[in-house]
1. Give me the strands (runs of 3 or more DSSP E) completely within the range 213-324, filtered to those with at least 3 residues that are modelled with pLDDT under 95 and in contact with a strand residue (DSSP E or B) (Cβ under 7 Å, 6 or more places away or on another chain), ordered by residue number.
2. If you take the residues in the range 191-212 that are more than 21 Å from residue 158 (Cα to Cα) and of a type in the set (Gly, Ala, Ser), which one is modelled with the highest pLDDT?
3. Determine which member of the set 153, 72 is touching a residue at least 24 places away in the same chain (Cβ under 8 Å), of a type outside the set (Ser, Thr, Tyr), surrounded by 18 or more Cβ atoms within 10 Å (Cβ to Cβ) and in contact with a strand residue (DSSP E or B) (Cβ under 9 Å, 6 or more places away or on another chain).
4. Pairs please, first residue from the range 230-248 and free of Cβ contacts under 8 Å to residues at least 60 places away in the same chain, second anywhere and hydroxyl-bearing (Ser, Thr, Tyr), Cβ atoms under 6 Å, 6+ apart in sequence or on different chains.
5. Is it the case that the range 27-39 has a residue that's modelled with pLDDT of 95 or more and either in contact with a strand residue (DSSP E or B) (Cβ under 6 Å, 6 or more places away or on another chain) or part of a loop (DSSP other than H, G, I, E, B) (or both)?
6. For the range 52-67, which residues satisfy the criterion of being at pLDDT 95 or above, surrounded by fewer than 18 Cβ atoms within 10 Å (Cβ to Cβ) and closer than 19 Å to residue 286 by Cα?
7. Kindly provide the set of residues from the range 99-123 that are among the acidic types (Asp, Glu), at pLDDT 95 or above and closer than 20 Å to residue 288 by Cα, ordered by number.
Amino acid sequence: MALRTRRYDMVVPHIASFLAVVALTVAGMPDGLSSIPITGPALSSCASEPRFFSCENTTPIKNTCCSPTPGGLVLATQFWSTYTGLEKHGQKLPKGSWTIHGLWPDNCDGSYEQYCDLSRQYDPAPSPAKFPNGTLIPPYKGPGVDTFIRQFGRKDLLAFMNKYWINQGAPNADLWAHEFSKHATCTSTFDVRCYGPSYRKHQDVINYYDAAIRAHHHYPTFDILAASGIVPSNKTSYTLDQFERALTSQIGATPYLGCTNNGTVLSEVWYFNHVSGTEQYGTFKPVESSAASSCSKSGPIWYYERSRGSEQEVREWVSRENVD
């Protein structure tokens with residue numbers, strides 16, 4: 001969360017109050033006059049590093065801020081849910097879109113680490129609750145990660161996440177905290193040291209959320225399926241082959257499709273990638289899923305409609321008069 005401020009010891013009186021407002025805003029106060037701080041890592045040294053796709057390098061990565069390691073297999077994951085359980089509180093699903101699950105750094109062999117830095121553990125209900133050796137992962141009891149977003153003045157980010165990054169049965173911010181704590185702490189390009197000496201606390205958190213949204217935009221699942229005539233329905237079922245053919249025709253690689261109810265109800269998709277550069281800004285190259293689908297190979301698969309009252313229109317209608 002790099003941000004520099006200047007101190008002015010001598011200013012004329014009528015300017016002093018204005019500068020005080022700016023200083024408060026820079027420090028994280030809401031609704032001020034300051035510009036939004038840049039939250040990306042310091043990557044200038046990466047310009048001289050060799051270029052390669054993660055998991056395809058033939059020599060060790062020297063500057064691990066420039067390419068993800070050990071999690072070089074980057075997964076952009078999405079949910080298809082039909083309700084949230086918190087509709088009465090305004091927590092609804094986006095019409096015409098799948099929702100974000102997370103951005104995961106799996107190891108190149110398909111294995112993965114989790115909760116790698118407990119000093120950046122913001123998950124109020126860690127899952128799993130303990131490491132394989134039995135050590136407990138302490139639940140976070142501080143302010144929610146949504147407050148981190150507000151401290152950076154990122155109302156735009158918060159608004160987008162509340163439309164497209166939706167939890168089920170718990171507040172959205174709990175899911176966001178879980179995804180950062182479990183996954184982002186296990187990939188090198190989100191290490192605190194990569195943000196340089198002017199790092200501001202929680203800068204890496206904001207950067208991860210921006211990166212996950214960027215990856216989500218790469219894969220418009222709803223639109224790709226709809227373009228192939230596959231739309232949510234409570235009357236018509238589909239096959240795994242239909243889903244995979246539609247997505248692979250546009251992505252160039254077969255993603256993982258996840259199903260519940262003994263493989264009969266579609267619920268998630270994982271897009272596997274190698275990345276040239278960083279997860280934040282690099283180029284994604286889709287690769288074949290390293291996990292076998294949990295959906296039925298031969299039986300019908302249901303891609304159900306959203307429950308009544310569980311989704312909301314998130315796309316803006318622009319009248320022709322405002323465009324012409």
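The values are calculated or read from the model by the stated rules, or taken from the named source; none is laboratory data. Bear in mind the structure is a predicted one, so any value in this text is a computation, not a measurement. Note that each Cβ is placed from the backbone with ideal geometry, even for glycine, and that neighbours are counted across all protein chains shown.
1. On the way: elements: 256-260, 265-276, 283-286.
Here the list is empty.
2. Filtering the range 191-212 for residues that are more than 21 Å from residue 158 (Cα to Cα) and of a type in the set (Gly, Ala, Ser), the one modelled with the highest pLDDT comes out as 196.
3. Details: 153 fails: in contact with a strand residue (DSSP E or B) (Cβ under 9 Å, 6 or more places away or on another chain).
Of the residues listed, the single one that is touching a residue at least 24 places away in the same chain (Cβ under 8 Å), of a type outside the set (Ser, Thr, Tyr), surrounded by 18 or more Cβ atoms within 10 Å (Cβ to Cβ) and in contact with a strand residue (DSSP E or B) (Cβ under 9 Å, 6 or more places away or on another chain) is 72.
4. 244/254; 246/228; 248/254
5. Within the range 27-39, the first condition is being modelled with pLDDT of 95 or more, and the residues that meet it are 39.
In the following step, the residues that additionally are either in contact with a strand residue (DSSP E or B) (Cβ under 6 Å, 6 or more places away or on another chain) or part of a loop (DSSP other than H, G, I, E, B) (or both) were identified as 39.
Checking the range 27-39: at least one residue is modelled with pLDDT of 95 or more and either in contact with a strand residue (DSSP E or B) (Cβ under 6 Å, 6 or more places away or on another chain) or part of a loop (DSSP other than H, G, I, E, B) (or both).
6. Taking the range 52-67 first, the residues at pLDDT 95 or above are 52-56, 63-67.
Going one step further and asking which of them are surrounded by fewer than 18 Cβ atoms within 10 Å (Cβ to Cβ), we end up with 52, 56, 63-64.
If the condition is that a residue be at pLDDT 95 or above, surrounded by fewer than 18 Cβ atoms within 10 Å (Cβ to Cβ) and closer than 19 Å to residue 286 by Cα, then 52, 56 are the ones that fit.
7. As a first pass, look at the range 99-123 and keep what is among the acidic types (Asp, Glu): 106, 109, 113, 117, 123.
Narrowing further to those that are at pLDDT 95 or above: 106, 113, 117, 123.
Across the range 99-123, the qualifying residue is only 106.
Residue-wise test of (1) of a type in the set (Ser, Thr, Tyr); (2) touching an Asp or Glu at 6+ places or on another chain (Cβ under 9 Å); (3) surrounded by fewer than 15 Cβ atoms within 10 Å (Cβ to Cβ); (4) touching a residue at least 60 places away in the same chain (Cβ under 8 Å).
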{"residue": "263", "(1), (2), (3), (4)": "no, no, no, no"}
{"residue": "271", "(1), (2), (3), (4)": "yes, no, no, yes"}
{"residue": "274", "(1), (2), (3), (4)": "no, yes, no, yes"}
{"residue": "277", "(1), (2), (3), (4)": "no, no, no, yes"}
{"residue": "281", "(1), (2), (3), (4)": "yes, no, no, yes"}
{"residue": "289", "(1), (2), (3), (4)": "yes, no, no, no"}
{"residue": "297", "(1), (2), (3), (4)": "no, yes, yes, no"}
{"residue": "302", "(1), (2), (3), (4)": "no, no, no, yes"}
{"residue": "312", "(1), (2), (3), (4)": "no, no, yes, yes"}
